[in-house]
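The values are calculated or read from the model by the stated rules, or taken from the named source; none is laboratory data. Computed from a predicted model, the values in this text were never measured in an experiment. Using ideal geometry, Cβ is built from the backbone for each residue, glycine included, and neighbour counts are taken over all protein chains shown.
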Amino acid sequence: MKDVDPQASSAQTEQPQSTPKKDNPNEPTDGGKDVDMKDAEKPKPEAPKVRIRKEKQMRTFYHKVPLEVRYVEYPQPDVEKLTQGEEILRADDNYAIETLNSKNKLESSIFSTRDNLTSIWEKYSQKEEVNNINEYLNTVLNWLDDEGQDTTKEEYDNRYKHLQTLLEPILGRIAAELKKIEDERKAEEAKRLEEQKRIEEEKKKQEEEQKRLEEEKKKQEAGTEGQTPTEGQQPANAEQSQTPPKN
């Protein structure tokens with residue numbers, strides 16, 4: 001038999017068994033294989049609540065506001081003074097508009113006259129007339145660039161009328177040429193209408209003659225159908241058929 005040390009045996013009996021400490025009480029004790037049922041039965045954390053923002057309802061309040069209308073009567077002299085002032089302002093505005101229109105008309109007539117003298121008016125104008133007109137056009141253009149920038153309506157109208165006076169001979173020849181062309185056109189139109197009328201009359205006469213011949217033919221046919229041969233009379237064709245031919 002083996003000898004047993006009594007101190008060693010007492011030390012073994014007195015030393016208690018050490019248990020492993022748990023860092024996390026929720027972790028499984030057996031290497032994650034076995035799960036404690038108490039941990040499984042714990043409730044799950046609730047989802048965060050979503051806050052719904054409610055729109056505020058607007059309330060409308062109506063209040064009756066008293067309204068009072070008062071008519072103030074101005075003195076008659078003040079009314080007449082205001083009316084006259086308004087008429088003066090309106091007249092000034094109209095005059096300014098008319099002045100601007102006269103200036104634009106003069107400028108446009110100058111440039112259009114220059115173009116026409118070298119194009120469509122060339123065969124109706126004479127050399128001396130063209131020189132006088134061009135000289136006046138240059139004078140008016142220089143005046144517009146200097147004193148004519150801001151002047152009266154009458155000044156623009158007077159220069160426009162003088163330009164039209166210089167253009168009267170040329171415009172007269174053009175008008176005469178146009179009148180001649182128009183007269184020839186009217187003569188041709190009248191001749192064409194007359195010829196058309198003559199053709200229609202002849203056609204109408206032919207139709208009437210044709211209608212008269214058809215009516216006569218119908219009358220003759222109606223007369224021959226109404227005649228019946230009497231006794232002892234034979235048609236001319238029958239007598240001719242009975243007579244023997246002569247040798």
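In segment 150-177, the residue that is surrounded by the fewest Cβ atoms within 10 Å (Cβ to Cβ) out of those that are touching a Ser or Thr at 6+ places or on another chain (Cβ under 8 Å) and of a type in the set (A, V, I, L, M, F, W, C) is LEU163.
Checking each residue in segment 53-94 for being assigned to a helix (DSSP H, G or I) and farther than 30 Å from THR152 by Cα picks out GLN76, PRO77, ASP78, VAL79. Exactly one residue out of LYS205, LYS191, LYS127 is farther than 21 Å from THR113 by Cβ, at pLDDT 90 or above and either among the aliphatic types (A, V, I, L, M) or under 53 Å from the mean Cα position of the chain (by Cα) (or both), and it is LYS191.
Among the residues making up segment 103-120, those that are assigned to a helix (DSSP H, G or I) and of a type outside the set (Gly, Ala, Ser) are LYS103, ASN104, LYS105, LEU106, GLU107, ILE110, PHE111, THR113, ARG114, ASP115, ASN116, LEU117. Among the residues making up segment 119-149, those that are surrounded by 11 or more Cβ atoms within 10 Å (Cβ to Cβ) and within 17 Å of ILE174 (Cα to Cα) are TRP121, GLU122, TYR124, SER125, GLN126, GLU129, VAL130, ILE133.
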